[in-house]
Amino acid sequence: MTMIDCFITCNREEKYLEIFEKYNSQPLVNQVVFLGQVAGENENSDYETWPFHGNFSTGLIQKIARKAGDRYALVISVDSDVQPGPDALERFVDVAVDTNAGMLYSNFYTMDDGKRIPHPVNDYQQGSLRDDFNFGPLLFFNGGTLNIAASGLVEQFEFAGLYQLRLAVSRIASLFRISEYLYEAEVIDNRVSGKKLFDYVDPKNREVQLEMEKAVSWHLKEINGFLTPESMEVDLNSEIFEEEASVIIPVLNRKTTIADAIESVMKQVTNFSFNLIIVDNHSTDGTTAIIDSYKDKFENIIHIIPERKDLGIGGCWNRAAADPKCGKFAVQLDSDDLYSDKNTLQQIVDQFYKERCAMVIGTYRMTDFNLQEIPPGLIDHKEWTADNGKNNALRINGLGAPRAFYTPILRQNKLPNVHYGEDYGIGIKLCRKYKIGRIYHPLYLCRRWEDNSDASLSVEQVNRNNAYKDSLRTIELLARIHQNGGS
């Protein structure tokens, strides 16, 4: 019984017959449609080719749904040589029947220089709203669910159709991961994790990002998780502090860079008093001695070695913010980064008073270890807007740097005690209630080098990081739905 229509992205016309025969030989396959740059039918009308230039538009999604009808739709979303494993299509169908899922996907193997490498993927969560969620290249849709979801796509997008579709599917059915390795695929992007992090802020992707923002905003409205622009006013004089600001540096084993970070703070010129709180998380490489040498020179350096040995970066931040010597505003500096000039701290504090906000986020410039600019250069996160930033924040993977907080609010809203994602977690939580101030010119130099925590991660570690941020989004999304009167 033919139950599956295959829609295969492929711009290599010479591969059509080979790929067609591979899928057409599968007993469950009804027809094969190639999404490529050549339109029309082959001589024997064995398969169709539809014009496709790399973008899954809403129109194309709806055309696929109409073609598939009530059959399953197997979509290869990128131009990759995908080889189904033994009985893989039967397995997709069996699990689809048993789970009644709207969309299924699975772990897979990548083939790179003849090597077969396992590529696990993550389970889909309610908060898996980032548009770069990695399902792998093979997506398997229930035809009935696909048609219901596609017919409800009101806004026509050129780039965001596939993202728009899976959000729509998630509103009426589950997106289910089969935790088995059901196919092989060519490696599409060989870059290390640190090189991929900032693709979405590349200016050439701006039009794409605007469509993605519209898609997620529509989705949030449909599930009662959308927030209006209004924010709670912040009383910046609710408490009295000895210091106006504290720069906070959590550090563990950064003897190569900690001196540069300290000096960039000590060079700050302000019209207020400030201190530097360094939470030294039990360094063993000589970092502690370097901090002590600076403490002897500058009386406004506070060196904390916490009693606990189970603190992540978030826990170090909470320790610093709770310290009686912490100033009214707590300002971030990572131990391997620097402020861009002597006026950074003053500009951040001024922005708090200008916008009367709970948090200020700046703009940073990407550099190599020697502070030479590297692509993509300036990271300004202009996808944040006053009208819709708090909603779009659930789609993107970061909010920017440097980050600064009004300390009384930070003390009431502690950061998660983790080594990754703590800043994003507190940011999406605070913007639910409070205004977030933004500075769109560079204040900060973010070094990329081999010791960065996200420089070159394994697939498994990337998955763990992404799953954690998805869990933060899920928590926040549920909180917003509850705030809006949902359940």
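The values are calculated or read from the model by the stated rules, or taken from the named source; none is laboratory data. Worth saying up front: this structure is predicted, and the values here are computed from it rather than measured. Methodologically, a virtual Cβ is constructed for each residue, glycine included, from the backbone with ideal geometry; neighbour enumeration extends over all protein chains shown. These accessible areas exclude ligands, DNA and RNA; they are computed on the full protein's heavy atoms, side chains included. Shrake-Rupley method; radii C 1.70, N 1.55, O 1.52, S 1.80 Å.
If you filter the stretch 324-354 down to residues that are of a type in the set (D, E) and part of a loop (DSSP other than H, G, I, E, B), you find that the one that is surrounded by the fewest Cβ atoms within 10 Å (Cβ to Cβ) is D341. Would the stretch 121-131 turn up any residue that is over 15 Å from V459 (Cα atoms), of a type in the set (A, V, I, L, M, F, W, C) and open to solvent by 10 Å² or more (accessible area, probe 1.4 Å)? Taking every residue of the stretch 121-131 in turn, none turns out to be over 15 Å from V459 (Cα atoms), of a type in the set (A, V, I, L, M, F, W, C) and open to solvent by 10 Å² or more (accessible area, probe 1.4 Å).
Quick check on G362: is it among the small types (G, A, S) and in a strand (DSSP E or B)? It is true that G362 is among the small types (G, A, S) and in a strand (DSSP E or B). Restricting the stretch 429-455 to residues that are modelled with pLDDT under 95 and part of a loop (DSSP other than H, G, I, E, B) leaves a set whose member that is surrounded by the most Cβ atoms within 10 Å (Cβ to Cβ) is R448. Taken over the stretch 137-169, the criterion of being among the hydroxyl-bearing types (S, T, Y) and open to solvent by less than 40 Å² (accessible area, probe 1.4 Å) is satisfied by T145, Y163. Within the stretch 406-455, being without any contact (Cβ under 8 Å) to a residue 12 or more places away in the chain and among the charged types (D, E, K, R) holds for one residue alone: E450. Selection of strands (runs of 3 or more DSSP E) fully inside the stretch 207-323 by the criterion of at least 1 residues being without any contact (Cβ under 8 Å) to a residue 60 or more places away in the chain and loosely packed, with under 14 Cβ neighbours inside 10 Å returns nothing. A residue that is in contact with a helix residue (DSSP H, G or I) (Cβ under 8 Å, 6 or more places away or on another chain) and under 29 Å from A160 (Cβ atoms) can be found somewhere in the stretch 12-29. Checking each residue in the stretch 265-282 for being within 16 Å of W317 (Cα to Cα) and of a type in the set (S, T, N, Q) picks out N275, N281.
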